[in-house]
Amino acid sequence: MRFVVVLIAFLAVGTVAPASAQVPVTSYQPGWSLVGGPAGMDFSAASALVAYAGGNYQPVTSPTATGSCAGYWAYFPGPTNVAVPSATDKPVSCALQVGWNLVGNPFDVPALLPPGVAGQRWDPGSQAYVADTGIRVGGGLWVYAPGATTLQLTPVAAGGLTIAVPPAQSQPYQIHIGEYLTILVANSNGTPAYDAKADATYLQLIGSGPTGPAAVQAYHYTWKAVTTGSTLITLDPACLKHGCAIASLAVRVDILP
């Protein structure tokens, strides 16, 4: 029997937050973001919402997501929280046209692309595209199809481990192959307090980004365990880029069969 421990902390003061705080909303930075969501997700807070089809951009007449894998460019004039409706926990097949397709996450949890498939997501912080094999809650990414086909998106399965840092436990955390590990760090306007990195041999990054209501705002990194072994996740303070003296952290993870 697999034993799963869930620890979710209120990062600012170190108190425990209720599990329901994890996802009733998702957050967006000011400016352009790739977005998508379950049926009924309301993007009316965006001052512009644009779809892409047949090689052309088209304005969207309704700000409400259809839940059919549709992705959009959305422009938010300021930091914005958007409620995420509940959604199916079954895989969803998305129809792709020849060329580039803007695919949105139809789930209320991160979505995983099929093995061997990667897309390009827009990172508002760096103002650049980043390769990714998952789609954050409320997010979207570009997927290229050489011919008309379907793409199966899989919701991140329940089960796994969620931890908040700092502090980090001195003993290794344990998960099993196929389970998911999420690390929560403090978040300010979409900017994480720590930059987390893991060895892709053991942990496949499937998504990252802000999560939770403003009262317990956090930034998550979520990986899928892909092979057995012992590995480290390193967390470097984001302020190191500006010469701060805060120490880096390391989280040891043991992946079991």
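Given the structure, is P166 farther than 21 Å from G229 by Cβ, out of contact with any Pro (no Cβ under 9 Å at 6 or more places or on another chain) and not assigned by TED's automatic domain parsing to the domain that holds G40?
It is true that P166 is farther than 21 Å from G229 by Cβ, out of contact with any Pro (no Cβ under 9 Å at 6 or more places or on another chain) and not assigned by TED's automatic domain parsing to the domain that holds G40.
How many residues does the stretch 23-47 hold that are closer than 20 Å to T182 by Cβ and outside any loop (DSSP other than H, G, I, E, B)?
Going through the stretch 23-47 one residue at a time, the tally reaches 4.
State all residues of the stretch 125-158 that are touching a Phe, Trp or Tyr at 6+ places or on another chain (Cβ under 7 Å) and either touching a residue at least 40 places away in the same chain (Cβ under 8 Å) or over 20 Å from G36 (Cα atoms) (or both); if no residue qualifies, say none.
Passing the criteria: G140, W142, Y144, P155, V156.
Considering each of A164, A111 in turn, give the residue that is farther than 21 Å from Y57 by Cα, surrounded by 21 or more Cβ atoms within 10 Å (Cβ to Cβ), of a type outside the set (S, T, N, Q) and over 14 Å from the mean Cα position of the chain (by Cα).
Just a single option satisfies the conditions, and that option is A164.
Filter the stretch 102-131 down to the residues that are touching a Pro at 6+ places or on another chain (Cβ under 7 Å) and of a type outside the set (F, W, Y), then identify the one that is nearest to C69 (Cα to Cα).
Of everything passing the filter in the stretch 102-131, P106 is nearest to C69 (Cα to Cα).
Considering the stretch 124-144 alone, what residues qualify as being surrounded by fewer than 16 Cβ atoms within 10 Å (Cβ to Cβ), in contact with a strand residue (DSSP E or B) (Cβ under 7 Å, 6 or more places away or on another chain) and outside any loop (DSSP other than H, G, I, E, B)?
If the condition is that a residue be surrounded by fewer than 16 Cβ atoms within 10 Å (Cβ to Cβ), in contact with a strand residue (DSSP E or B) (Cβ under 7 Å, 6 or more places away or on another chain) and outside any loop (DSSP other than H, G, I, E, B), then Y129, V130, A131, Y144 are the ones that fit.
Return the residues of the stretch 48-73 that are assigned to a loop (DSSP other than H, G, I, E, B) and among the small types (G, A, S); say none if nothing qualifies.
G54, G55, S62, A65, G67, S68, G71, listed by residue number.
Say whether the condition of being loosely packed, with under 14 Cβ neighbours inside 10 Å and outside any loop (DSSP other than H, G, I, E, B) is met by at least one residue in the stretch 74-89.
No, there is no match, as no residue in the stretch 74-89 is loosely packed, with under 14 Cβ neighbours inside 10 Å and outside any loop (DSSP other than H, G, I, E, B).
Per-residue answers, yes or no, for (1) hydroxyl-bearing (S, T, Y); (2) within 16 Å of T149 (Cβ to Cβ):
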| residue | (1), (2) |
| --- | --- |
| S47 | yes, no |
| Q58 | no, no |
| W73 | no, no |
| F76 | no, no |
| V92 | no, yes |
| G99 | no, yes |
| P106 | no, no |
| P114 | no, yes |
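Yes/no per residue for (1) among the acidic types (D, E); (2) over 18 Å from W142 (Cβ atoms); (3) modelled with pLDDT under 85:
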residue	(1), (2), (3)
A17	no, yes, yes
S20	no, yes, yes
S33	no, no, no
G37	no, no, no
A46	no, yes, no
Q58	no, no, no
P63	no, yes, no
A87	no, yes, no
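Starting from residues that are within 23 Å of A87 (Cα to Cα) and among the small types (G, A, S), keep the ones in the stretch 146-180 and report whichever is modelled with the highest pLDDT.
Filtering first and then ranking leaves G178.
Can you name every residue in the stretch 229-245 that is more than 16 Å from N187 (Cβ to Cβ) and outside any strand (DSSP E or B)?
Answer for the stretch 229-245, where residues must be more than 16 Å from N187 (Cβ to Cβ) and outside any strand (DSSP E or B): L240, K241, H242, G243, C244, A245.
Yes or no: I183 closer than 30 Å to T80 by Cα, of a type outside the set (G, A, S), modelled with pLDDT of 85 or more and surrounded by 13 or more Cβ atoms within 10 Å (Cβ to Cβ)?
Answer is yes for this residue.
The values are calculated or read from the model by the stated rules, or taken from the named source; none is laboratory data. Bear in mind the structure is a predicted one, so any value in this text is a computation, not a measurement. Cβ: placed from backbone, ideal geometry, glycine included. Neighbour counts: every protein chain shown.
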